[in-house]
Ligand SMILES: Cc1cc2nc3c(=O)[nH]c(=O)nc-3n(C[C@H](O)[C@H](O)[C@H](O)COP(=O)(O)OP(=O)(O)OC[C@H]3O[C@@H](n4cnc5c(N)ncnc54)[C@H](O)[C@@H]3O)c2cc1C
């Protein structure tokens, strides 16, 4: 966040770029801290806030992730919503330029535009939650039909949020069980223990849950995918062949 003294001397003008949880938490916290003393503008291209963690359910035919109109949230927050994207920043002039050609002056700017997605491996399917239903629906159908017998869920070695991989593996295993098909499911993850970031108690419970559902978890596994269907795991130079 960058902040400058209010040029107008009137209410302090905060521009928040983004419409995800980061932007909305910033807007809520600023309203709690500063109330009427600030004027907030939300600059966001998408009309809705989406509960991204719930998107993992979609390929399994469960209800779609909840969405909430940003216009309603902005109204509740007393903020102005500008449905546009940040294009460039004139920091010395304290101005944001938008894709549609508008200039937004600010006293303080919060950038909450999220992370940019890029595939970690050249082969295999890189999960993009904005298209997760399209990406995985066919695969889940193939599991149900018994056409796919083995799947690896691979977490890349760079810092990642691994929880969705466990959720996807578990839901796939349960779906195969319900359909009475056999599928060997492996998670390969650089973590030292399953979901280690949550501490020992959770990690042990998750490890047990995976075991009970027949999901193999390979920890401290740094993976590459040299060709379709092959996961090379280091250290140990192990090769995992999967459908
Ligand atoms: C499948 C999945 C499951 C997850 N599960 C969990 C979980 O269980 N628990 C948990 O804590 N976290 C979970 N996460 C992580 C969590 O969703 C992210 O950490 C969180 O969404 C990050 O919030 P953010 O606001 O920083 O970014 P984002 O959610 O990426 O939002 C970025 C926002 O910025 C907007 N934007 C992009 N470019 C511009 C621009 N140029 N100008 C203006 N706006 C722009 C976008 O439209 C979007 O509204 C999960 C993520 C995924 C993908």
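The values are calculated or read from the model by the stated rules, or taken from the named source; none is laboratory data. From a predicted model like this one, the values you see are computed outputs, not experimental measurements. Reconstructed Cβ throughout: ideal geometry from the backbone, glycine too, with neighbour counts over all protein chains shown.
Assorted remarks:
- Flag for residue 104 being more than 19 Å from residue 224 (Cα to Cα), within 26 Å of the chain's Cα centre (by Cα) and touching a residue at least 40 places away in the same chain (Cβ under 8 Å): no
- Any hit, the stretch 85-98, residues being within 30 Å of residue 192 (Cβ to Cβ), out of contact with any helix residue (DSSP H, G or I) (no Cβ under 6 Å at 6 or more places or on another chain) and not in a loop (DSSP other than H, G, I, E, B): no
- Applying the set (1) part of a strand (DSSP E or B); (2) surrounded by fewer than 20 Cβ atoms within 10 Å (Cβ to Cβ) to residue 217 leaves exactly one unmet item: (2).
- Within the stretch 35-48, restricting attention to residues that are surrounded by 14 or more Cβ atoms within 10 Å (Cβ to Cβ) and farther than 13 Å from residue 83 by Cβ, the residue that is nearest to the ligand (Cβ to nearest atom) is 40.
- Evaluated against (1) more than 14 Å from the ligand (Cβ to nearest atom); (2) farther than 30 Å from residue 15 by Cβ; (3) surrounded by fewer than 15 Cβ atoms within 10 Å (Cβ to Cβ), residue 92 falls short on exactly one condition, (2).
- Residue list for the stretch 130-154, filter: in contact with a strand residue (DSSP E or B) (Cβ under 7 Å, 6 or more places away or on another chain) and within 16 Å of the ligand (Cβ to nearest atom): 153, 154
- Residues of the stretch 143-166 that are under 27 Å from residue 197 (Cα atoms) and either under 13 Å from the mean Cα position of the chain (by Cα) or part of a loop (DSSP other than H, G, I, E, B) (or both): 155, 156, 157, 158, 159, 160, 161, 162, 163, 164, 165.
- Residue check, residue 15 in the same structural domain as residue 97 (by TED's automatic domain parsing), within 13 Å of the ligand (Cβ to nearest atom), farther than 30 Å from residue 143 by Cα and modelled with pLDDT of 95 or more: yes
- Scanning the stretch 56-84 for residues that are part of a loop (DSSP other than H, G, I, E, B) and within 16 Å of residue 40 (Cβ to Cβ), we see that the one that is farthest from the ligand (Cβ to nearest atom) is 78.
- Condition broken by residue 76, with the remaining ones in (1) touching a strand residue (DSSP E or B) at 6+ places or on another chain (Cβ under 6 Å); (2) under 22 Å from residue 29 (Cβ atoms) satisfied: (1)
- Across the stretch 8-19, the number of residues qualifying as surrounded by fewer than 16 Cβ atoms within 10 Å (Cβ to Cβ) and touching a residue at least 12 places away in the same chain (Cβ under 8 Å) comes to 1.
- Looking across the stretch 95-128 at every residue that is on the phi > 0 side of the Ramachandran plot and either away from the ligand (no atom under 12 Å from the Cβ) or exposed (fewer than 11 other Cβ atoms within 10 Å of the Cβ) (or both), the one that is modelled with the lowest pLDDT is identified as 124.
- Some residue of the stretch 41-49 being more than 30 Å from residue 133 (Cβ to Cβ) and either outside the structural domain of residue 90 (by TED's automatic domain parsing) or at pLDDT 95 or above (or both): yes
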